[in-house]
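The structure appears right after this line, and notes come after that.
The values are calculated or read from the model by the stated rules, or taken from the named source; none is laboratory data. Given the structure is predicted, the values throughout are model-derived calculations rather than measurements. Neighbour counts run over all protein chains shown; Cβ positions are idealised from the backbone, glycine included. Quick note on the areas: whole protein, heavy atoms, side chains included, nothing else; ligands and nucleic acids left out. Shrake-Rupley method; radii C 1.70, N 1.55, O 1.52, S 1.80 Å.
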Amino acid sequence: MHLILIGFMGSGKSTLAKRISDQTGRPLIDMDSRLEEVFGCSISDFVAEFGMESFRVEEADLLRSLMEEPESVIATGGGTACADGAMKLMRSHGVVIHLSVPVPELAHRLKDNLSTRPMLSDVAPQDLERAIGRQLLVRAACYSGAHVKWENIQWDDDQLTSKLNSIGWRLREAL
C-alpha cells in the first residue's frame, strides 16, 4: 500500500513526500513531476495548449496507473483528490494524508510563482487569499476523505517522526 499526500497547492506535499521517502526508504512519486516528464513540458504549458479538462484526464489516468505500482510515497497534485472516484481509489490502495495549511501561509508560499500555477495564473496578488479560500471551500469535501489530517506549517524531523508514528498501525500496513 502507498502513503499518499493530498492538499492544496503550496501545502508542502512534494517537500514532505521527499522527506518521508528518505526517512522510510520507500520510493517517491511526485505526480506533477511525472506528468511533466510524460508531457515533455510544464503543466502550465500543457494546460495552456490543451486545457484544464485534458490535464485532469491525464492526471486521473496517472493516478490509476500509480495505484498498480509498488508501494511508494506519492505527492499528488492539488486537485487530484477531487477527480471522480479518486479518493475511493487512493483510500483502497494506501493511507491518505491531507496536508492542511492556513490560507495566509498558502498565499505567502504561492505569491511569487502564480504564473506557473494554472488555477491562480489570472489572480491579482491582492486577491490571492480570497481566491485560495474559495478554491479550498470547493475542495473541502474532497480533502475531508483523507484518513488523517496534518495541520503543521513547518516540519522538523521530530515532528515528522511523531506524525508518522501517530499513524503507525496504518503506516505499517501501507509500508
Of all the Cα-Cα pairs you can form in the chain, what percent are over 23 Å apart? 38
For the chain, longest principal axis from Cα atoms; helix 128-143 axis from its Cα atoms; angle between them, nearest 10 degrees, is 40
With +1 at each Lys and Arg Cβ and -1 at each Asp and Glu Cβ, the charge dipole magnitude of the chain around its Cα centre, to the nearest 20 debye, comes out at 640
Amide H to amide H, which residues 5 or more places from I4 or on other chains are under 5 Å from it, using H placed in the peptide plane? I74, V95, V96, I97
Cα gyration tensor category, rounded, prolate or oblate, for the range 1-88 with a/c compared to 1.5: prolate
Compute the long axis of helix 52-66 from its Cα atoms, compare it with the longest principal axis of the Cα atoms of the chain, and write down the angle in degrees, 0 to 90, nearest 10. 10
Taking the Cα centre of the range 1-78 as origin, work out the dipole magnitude from +1 charges on Lys and Arg Cβ and -1 charges on Asp and Glu Cβ, in debye rounded to 20. 420
Under the rule a/c < 1.5 gives rounded, and otherwise a/b versus b/c splits prolate from oblate, where does the range 89-149 land using the Cα gyration tensor? prolate
Tally up the carbon and sulfur contribution to the accessible surface of the range 38-175 as a whole percent, 1.4 Å probe, everything protein left in place. 50
